[in-house]
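Here the structure is laid out as structure tokens; the discussion comes afterwards.
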């Protein structure tokens, strides 16, 4: 039974990571340029987690590190649109799965 719990935990962790990335991205967009400490303060997310998210988002080309702080790139809008569509697709799949479980 613990295998099922581990699977659910893994799914929840991935979802939380996506939520964190989105929260950080929106905050960067609204307050750019913004530094790590301020991002941590305004989002309530610990600095080490903000640092990790910023690194991943920069590697994806969605944000840019500048001497003044993080800023979003021109890819921000398309990333948010594609993420919205992806989440809508997941939502439909979750609804379908729920129907199969009941």
(Q) If I model a spin label at residue 48 and residue 13 as a point 7 Å from the Cα along the Cα→Cβ vector, what separation in nanometres do I get? (A) 1.4 nm
Q: At 0.36 nm per residue, minus the direct Cα-Cα distance, what do residue 74 and residue 5 gain on full extension? Give it in nm, one decimal, please.
A: 20.9 nm
(Q) From the mean inverse distance of alpha carbon pairs (Kirkwood) and the Cα radius of gyration, derive Rg over Rh for the chain. (A) 1.07
Q) For 48, 21, what ranking results if the residue with the fewest other Cβ atoms within 10 Å of its Cβ goes first? A) 48, 21
**Q.** Residue order, fewest to most beta carbons within 10 Å, for 79, 15
**A.** 15, 79
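Where does each of 38-44, 96-102 land if you order them by average Cβ count within 10 Å, highest first?
Details: 38-44: 15.3, 96-102: 7.4.
Final packing ranking: 38-44, 96-102.
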Q) How high is the relative contact order of the chain, in percent, with contacts defined as C-alpha pairs under 8 Å that are six or more residues apart? A) 22 percent
Q: For each of 62, 11, count neighbouring Cβ atoms within 10 Å of the residue's Cβ, then give the residues from fewest to most.
A: 11, 62
Q) Rounded, prolate or oblate: which fits the range 1-49 when a ≥ b ≥ c are the square roots of the eigenvalues of the alpha-carbon gyration tensor, with rounded for a/c under 1.5 and prolate only if a/b beats b/c? A) prolate
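Read the figures in this text as sums done on the coordinates, not as results from a lab. What you are looking at is a predicted structure, and each value in this text was computed from that prediction instead of being measured. Ideal geometry is used to build each Cβ from the backbone, glycine not excepted, and the neighbour counts take in all protein chains shown.
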